[in-house]
Amino acid sequence: MVWQMKDLLVLLSQVLLGWLVFQIVSISIFFISLRSTHSTYSHELPKTAVVLSLRGADPFLSNVLRALLHQNYPAYDLKIVVDNITDPAWNVAINVITEFGASNCSLSVLKNPLSTCSLKCSSIVQAVSELDASYQVVVLVDADAMVYTNWLRDLVSPLNNPKVGATTGNRWYLPDGIYWGSLVRYVWNVSAVIQMVLYQIAWGGSLAIKTEVIHQTRLIDIWKRAYADDTPLRSILKKHGWQIKFVPSVMLLNREECKLPNLVHWLRRQLFSSRLYHPFWFAVVADTVFTILIPNIVLLIGVVALITTDFRTFILAMSYFAGYMIVLIIFILLIDKRIRSIISKRCEILPKSSPLTAFKLLIALPLTQWINAIAMVASHWAPTIDWRGVTYRIKGRWNIKLIEYRPYQSSKSNNSKISL
């Protein structure tokens, strides 16, 4: 029994070493993709419609709206679709629009919530369907996307490449670290961003699409039957010969806090959407196995060895586990430093990192792995999904049923920094 346990431990340590080498290669490719952080603006930027769908007043919504109305872009219109006139986001939007006296902004209510897709997709379908032919680009943005002055220029400019049908950025969580949920989400997002860049998965929080691509791929009809607006795009565009380009300068800082119970539900939704539409879902599952299952088997071997007083095996197992975790933390800190350098060029004030942050990561990293494993399993047994107060029954990627529409209700203050 002892020798079998030692042999298994040696085998697993070799697998972990090989997986670390693979991760080093992946991170290197990711770093290469971050090199082009300076956009080359074209002389003529196309007329653009920025579509923002709102259900509930996100913690920093008023700031996001002000930033969207303060873009260094010659011709764009902000199209806001609010879920219901009783929604708390309605008054927030009205106040900001009035404050700016914005003439390039329209505010409307979701007229016909479709029962065959998510409410967000319903809002997008409504806004895009109402656009006239003068708009050459449609940009989708989320209520938690804290954009900067040149955000729209950076996002739209690469569409000058005739092979590029869509461009996307991503979010980078840097909360103040009040809650463990915030730190766990930050750790999880580091891996998620790398995977999205490597697999060309778009993020709907900052996503620009040529209108000709929308028409050619019949995206409006697809959105009418979809749960997610962004994850399916990679496969759809590839079939028509279009590329999705990641724009590294469009890494948007997110300062929202998150409690652990909220995080579990949020993470389950993220993984569920990936399971439905991710073209390389098997790779996501494989990453979970190698990153979470194997090191925790090593940890379990160490616990068993301690119980059976096999102290040599215990020390060896714990050394492998601790060494693996320390290397992952080094990876996280290196990636974080690189992303911070991109964001800091916009003169944004960033939360300070400290030796205490690295210590907290020692706790947050295994916690993230366990929570991710639970959410991964839950995403495979999820006949229904709750999202912002409504429930969807999911029978397939294009078989979505909104069970019952209800206006958004929240007991939280609009000024809360805690995301739901």
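The values are calculated or read from the model by the stated rules, or taken from the named source; none is laboratory data. No experiment lies behind these values; they were computed from the predicted model shown. All Cβ positions, even for glycine, are placed from backbone atoms using ideal geometry, and neighbour counts span all protein chains on display. Keep in mind that these areas ignore ligands, DNA and RNA; they rest on the heavy atoms of the full protein, side chains included. Shrake-Rupley method; radii C 1.70, N 1.55, O 1.52, S 1.80 Å.
Residues that are farther than 28 Å from Arg393 by Cβ: list the helices (runs of 4 or more DSSP H) wholly contained in the stretch 175-260 that include at least 1 such residues.
Those helices (runs of 4 or more DSSP H) span 180-198, 211-216, 233-239.
Consider the stretch 98-111. How many of its residues are in contact with a helix residue (DSSP H, G or I) (Cβ under 9 Å, 6 or more places away or on another chain) and more than 15 Å from Tyr76 (Cα to Cα)?
Residues in the stretch 98-111 being in contact with a helix residue (DSSP H, G or I) (Cβ under 9 Å, 6 or more places away or on another chain) and more than 15 Å from Tyr76 (Cα to Cα): 6 in total.
Mind checking which residues of the stretch 179-226 are open to solvent by less than 20 Å² (accessible area, probe 1.4 Å), over 30 Å from Gln71 (Cα atoms) and aromatic (Phe, Trp, Tyr)?
Residues satisfying the conditions do not exist here.
Modelled with pLDDT under 90 and either small (Gly, Ala, Ser) or in a helix (DSSP H, G or I) (or both): is that true of Thr309 in this structure?
No: the conditions fail for Thr309.
Pick from the stretch 349-385 the residues that are of a type in the set (Gly, Ala, Ser) and closer than 30 Å to Trp151 by Cα: which of them is surrounded by the most Cβ atoms within 10 Å (Cβ to Cβ)?
So the residue we want is Ser353.
Cβ-Cβ under 6 Å, sequence separation 6+ or interchain: first residue in the stretch 8-35 and closer than 14 Å to Ile339 by Cα and touching a residue at least 60 places away in the same chain (Cβ under 8 Å), partner of a type in the set (Val, Ile, Thr) and open to solvent by less than 50 Å² (accessible area, probe 1.4 Å). Which pairs?
Pairs found: Phe30/Ile194; Phe30/Val197; Ser33/Val197.
Only one of these conditions is not met by Ser115: (1) small (Gly, Ala, Ser); (2) in contact with a helix residue (DSSP H, G or I) (Cβ under 8 Å, 6 or more places away or on another chain); (3) surrounded by fewer than 16 Cβ atoms within 10 Å (Cβ to Cβ). Which number is it?
The single condition Ser115 does not satisfy is (2).
Have a look at Val92, Val109, Val64, Val96 and point out the one that is modelled with pLDDT of 95 or more, crowded, with 18+ Cβ neighbours inside 10 Å and under 26 Å from Glu404 (Cα atoms).
Val92
Looking at the stretch 163-173, which of its residues are open to solvent by less than 10 Å² (accessible area, probe 1.4 Å) and closer than 23 Å to Ser344 by Cβ?
The answer is Thr167, Thr168, Gly169, Asn170, Trp172, Tyr173.
Would it be correct to say that Val156 is open to solvent by less than 10 Å² (accessible area, probe 1.4 Å) and more than 18 Å from Met251 (Cβ to Cβ)?
Answer is no for this residue.
(1) touching a Leu at 6+ places or on another chain (Cβ under 6 Å); (2) open to solvent by 10 Å² or more (accessible area, probe 1.4 Å): which one isn't true of Pro248, the others all being true?
Single failed check for Pro248: (2).
Among Val137, Val141, Val197, Val156, which is more than 16 Å from Thr48 (Cα to Cα) and touching a residue at least 24 places away in the same chain (Cβ under 8 Å)?
Val197
Do you know which residues across the stretch 263-302 are open to solvent by 10 Å² or more (accessible area, probe 1.4 Å) and of a type in the set (Ser, Thr, Tyr)?
Answer for the stretch 263-302, where residues must be open to solvent by 10 Å² or more (accessible area, probe 1.4 Å) and of a type in the set (Ser, Thr, Tyr): Ser273, Ser274, Thr288, Thr291.
Within the stretch 361-420, considering only strands (runs of 3 or more DSSP E) that don't extend past its boundaries, which have at least 1 residues that are at pLDDT 90 or above and either out of contact with any strand residue (DSSP E or B) (no Cβ under 6 Å at 6 or more places or on another chain) or not β-branched (Val, Ile, Thr) (or both)?
The qualifying strands (runs of 3 or more DSSP E) are 390-396, 399-402.
Among Arg346, Arg388, Arg340, which is the only one that is surrounded by 13 or more Cβ atoms within 10 Å (Cβ to Cβ) and at positive phi?
Among Arg346, Arg388, Arg340, only Arg388 is surrounded by 13 or more Cβ atoms within 10 Å (Cβ to Cβ) and at positive phi.
If you check Ile332, Ile292, Ile301, which single one turns out to be touching a Leu at 6+ places or on another chain (Cβ under 6 Å) and either at negative phi or part of a loop (DSSP other than H, G, I, E, B) (or both)?
Ile301
Counting only residues that are closer than 24 Å to Leu253 by Cα, touching a Leu at 6+ places or on another chain (Cβ under 7 Å) and free of Cβ contacts under 8 Å to residues at least 60 places away in the same chain, how many does the stretch 58-78 have?
The number of residues fulfilling the criteria is 2.
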